[in-house]
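Q: Below is a structure I'd like to ask you about.
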Amino acid sequence: MLSNPLTTVYHTLAHLGCENAQGETTESGTVDAIYDEFTDRVVRRVSDNKQMTYWHNDQMGAIEASELLERTDANGNCQSWSGLLRDCSSVQGINADRIRVMPISIFDGSVLVKNWQFIDPPSGSGSHPYIIGTDAMPQQGIPGQGNANPPPAFNGHWIVRYDDSYYDPSYDVAKITGSDKDKAYEDSAFAGYGASFGSGARGNDVSTNTTSEVSYTVDN
């Protein structure tokens with residue numbers, strides 16, 4: 001271990017950290033090495049060698065990392081997966097935060113996870129003119145942990161922040177870093193937003209010099 005653990009040392013947490021970050025001498029190198037294990041979307045528990053999954057069969061599953069390590073089906077949502085990466089880091093003595101990502105606007109009720117097709121012209125009107133199921137259509141999504149096509153929309157999403165970088169252990173995506181990481185993560189992850197009321201949707205504005213339309217809040 002890099003330093004004294006900051007959380008309960010479950011066998012799987014210690015294994016994922018020590019096995020993948022072997023030889024690392026810095027915190028940043030250790031976190032990146034641990035995250036590399038998540039990016040192939042095959043992460044197994046030590047106790048039974050069972051592959052853990054993300055929203056398998058459209059079932060939410062565990063909310064906390066401890067549940068993900070204990071459930072018979074080894075299935076969990078983004079809260080549990082972000083908690084798992086956070087806790088793997090904590091066992092190495094590294095402070096990382098679980099981050100809740102939510103739409104800022106009260107008129108946005110959900111995030112539409114890539115990929116979606118928006119058909120023009122939309123059949124609706126107002127701020128969310130694309131009607132879900134009519135001219136806003138979910139496509140093959142970004143692969144998740146043990147799940148090639150997770151659900152296309154959620155009320156929000158949970159990721160991990162360490163230092164100046166965002167990590168999304170639920171999906172097969174690269175870490176996002178830098179001063180513009182809020183907008184960069186939003187654009188990499190979300191195709192658009194569903195309306196708070198009704199079946200309307202709008203696309204994510206990826207224009208140059210636009211600011212992020214989601215908030216990032218510590219939710220450990």
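Taken together, the values in this text are just the output of simple stated rules run on the coordinates, not laboratory data. In this text the structure is predicted, and so the values were computed from the model without any measurement. Quick reminder, even Gly has a Cβ in these numbers, built from the backbone with ideal geometry, and neighbours come from all protein chains shown.
Q: Mind checking which of E37, E19, E64 has the largest fluctuation in a GNM of the chain, springs on alpha carbons under 10 Å?
A: Fluctuation is largest for E19.
Q: So, one more: Taking the simple approach of a point 7 Å from Cα along Cα-to-Cβ for both S123 and L6, what is their distance in nm?
A: According to this spin-label approximation, the distance is 5.0 nm.
Q: Now, a different point. Looking only at G17, G109, G126, which one moves most when the chain is put into a Gaussian network model with springs between Cα atoms under 10 Å?
A: For the chain, modelled as a Gaussian network with Cα springs under 10 Å, the answer is G126.
Q: What residue among P151, P122, P103 has the largest mean-square fluctuation in a Gaussian network model of the chain, using Cα springs under 10 Å?
A: So, out of P151, P122, P103, the one fluctuating most is P122.
Q: Taking only Cα atoms, what is the 0 to 90° angle, nearest 10, from helix 27-38's long axis to the longest principal axis of the chain?
A: 70 degrees
Q: Additional query: Label the stretch 1-122 by shape, choosing from rounded, prolate and oblate, from the square roots a ≥ b ≥ c of the eigenvalues of the Cα gyration tensor; if a/c is under 1.5 it is rounded, and otherwise prolate applies when a/b is larger than b/c, oblate when it is not.
A: prolate
Q: When we measure straight from the Cα of K50, which lysines land under 28 angstrom away, once same-chain ones fewer than 8 places off are left out?
A: K114, K175
Q: With +1 on each Lys and Arg Cβ and -1 on each Asp and Glu Cβ, and nothing else charged, work out how big the dipole of the chain is about its Cα centre, in Debye to the nearest 20.
A: 320 debye
Q: Between the DSSP loop rule and a limit of at most 13 other Cβ atoms within 10 Å, which chymotrypsin sites (Phe, Trp or Tyr not before Pro) in the stretch 139-220 are left?
A: Answer by residue number: F197.
Q: Quick one: go through the stretch 22-42 and flag any residue whose amide nitrogen is under 18 Å from the point 7 Å out along the Cα-to-Cβ line of D172.
A: Only 35-42 pass the distance filter.
Q: Let me ask something else about it. Of M137, Q79, S212, which is farthest along the charge dipole of the chain in the positive direction, counting Lys and Arg as +1 and Asp and Glu as -1 at C-beta?
A: Checking the options against the dipole of the chain, the answer is M137.
Q: Computed from these coordinates, which is Cα extents along the principal axes in Å: (1) 56, 38, 25; (2) 72, 42, 35; (3) 63, 30, 28?
A: Matching entry in (1) 56, 38, 25; (2) 72, 42, 35; (3) 63, 30, 28: (1).
Q: Further question: If you stretched the chain out fully between V206 and N115, how much longer would it get, using 0.36 nm times the residue separation minus the C-alpha to C-alpha distance?
A: Full-extension gain reported as 31.3 nm.
Q: Between helix 78-91 and the chain, what is the angle of the helix's C-alpha long axis to the longest principal axis, kept within 0 to 90° and rounded to the nearest 10?
A: Approximately 30 degrees, to the nearest 10.
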